[in-house]
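Structure first, commentary second.
Nothing in this text is a laboratory measurement; each read-out follows from the coordinates by a stated rule. All figures in this text were calculated on a predicted structure; none of them were measured in a lab. Neighbour counts are summed over all protein chains in view; Cβ atoms, including those assigned to glycine, are modelled from backbone coordinates with ideal geometry.
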Amino acid sequence: MAAGSYNNKDLNTIEVGWQVYPYKYGDANPRLFIYWTRDAYNNSGCYNLVCSGFVQTNSQIAIGGTLAPQSVYGGSQYEFGILAWKDPGSGNWWLQVGGTDVGYWPSSIFTHLANSASYVQWGGEVAPSENSQTSTQMGSGHFPGEGFGKASYIRNIQTVDSSNTLRSANGLSLINPSPNCYNVQSGTSSNWGTYIFYGGPGRNPKCP
């Protein structure tokens, strides 16, 4: 999930989710990560707690730690909740993971996000290859059409409005630049609220 606000090259963003990043962590484990920047990734911000910015107030959740247990294709599925919201009193952006308040990004480290967010995004991303589509999998590595138990998903997608109330995110705009490599589908239901299935294998015969 990413929340952001920007003006030209002054992108402000806070990001949170899980990532597989062998170059950074030295393994292929899915890990909880956070990120922030106030100048479009140029001179400010960092992953996790590498630089000052995010203030962790609860050590029960290990930022950068491996997530376990892990979902199995065609088998048991596991999930965790993420909530980021702007405290109307302090103006800080708080992070909650699995129902536990983890800490906050102070409003003072931002410019545009010091006031509010312009947009929120949910989904996955991969690092591109120089000359062709990367073979890196997104999510489970399977397309969203395979559905629950096989494709990655995000459910109960909501935003927090100016009165600090959770609202279902209706009318999502789907960004899908390479549908033969990765794809995304959205829907709504009484149990899952607004949701998306997303992911794919990356490079394949239909995705050179």
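Report the local net charge at G200: Lys and Arg +1, Asp and Glu -1, summed over other residues whose C-beta lies under 14 Å from its C-beta.
Working: positive: K150, R203, K206; negative: E125, E146.
Result for the neighbourhood of G200: +1.
Pairs of alpha carbons in segment 1-121 separated by more than 25 Å make up 25% of all such pairs. Roughly how many Å is it from the Cα centre of segment 51-109 to that of segment 148-180, as a whole number? Between the Cα centres of segment 51-109 and segment 148-180 lies a distance of 17 Å. Based on DSSP H segments of at least four residues, each scored -39500 (n - 2.57), the chain has a per-residue ellipticity at 222 nm of -500 deg cm²/dmol. Between A28 and N204, the distance separating the two model label sites (each 7 Å from Cα on the Cα→Cβ line) works out to 1.8 nm.
Only Lys, Arg, Asp and Glu carry charge here, each on its Cβ (+1 for the first two, -1 for the last two); on that basis segment 129-208 has a dipole of about 140 debye about its Cα centre. For the chain, set up a Gaussian network in which alpha carbons nearer than 10 Å are linked by springs, and say which option among S140, S59, S190 fluctuates the most. Looking only at S140, S59, S190, the largest GNM fluctuation is found for S190. Using the alpha carbons alone, the radius of gyration of segment 55-110 stands to its Kirkwood radius in an Rg to Rh ratio of 1.10. Less than 5 angstrom separates the built amide H of V102 from those of L95, Q96, V97, all sequence-distant by 5 or more or on a different chain.
Computed from backbone phi with θ = phi - 60° and the Karplus coefficients 6.51, -1.76 and 1.60, the 3J(HN,Hα) list for segment 24-32 is 7, 9, x, 8, 9, 6, x, 10, 5 Hz; x is used for glycine and proline.
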